[in-house]
Amino acid sequence: MKFIVQWNGLPTAQQSAVERFMKTGGALPPDGITMLGRWHSIGELSGCAIIESNSTAPMAAWMLQWGDIFTFTISPAVTDEELGQALGAFLAQK
């Protein structure tokens, strides 16, 4: 399943975030997560990633690695095709 991961950091965390990112290269996610892409906002401590995982356990572990610097929102994501199928099934029930 795909998920949209969004993060936000407080301005007071900027130095810690920069140091950790430079040291770890952004710390790739643990086993069980495939990162499809990651984007960062310019001039802010925020960004988003699209990931795939069959379990929430590795997502929780990954968020804990950065939880002292960022807050996270994780939402299930569907493609246009998947949404179209769901909408078609919904409309067929009416």
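Values in this text are rule-based calculations from the coordinates and carry no lab data. Every value quoted in this text rests on a predicted model; they were computed, and no experiment measured them. Neighbour counts are summed over all protein chains in view; Cβ atoms, including those assigned to glycine, are modelled from backbone coordinates with ideal geometry.
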For the chain, what does the helix formula give at 222 nm: sum of -39500 (n - 2.57) over DSSP H segments with n ≥ 4, over the residue count, nearest 500 deg cm²/dmol?
-11000 deg cm²/dmol
Angle between the chain longest axis and helix 14-24 axis [Cα atoms, degrees, rounded to 10]
80
In degrees from 0 to 90, rounded to the nearest 10, what is the angle of the helix 57-66 Cα long axis to the longest principal axis of the chain?
30
Which value in nm describes the separation of the simple spin-label points at E81 and A27, placed 7 Å from the Cα toward the beta carbon?
3.4
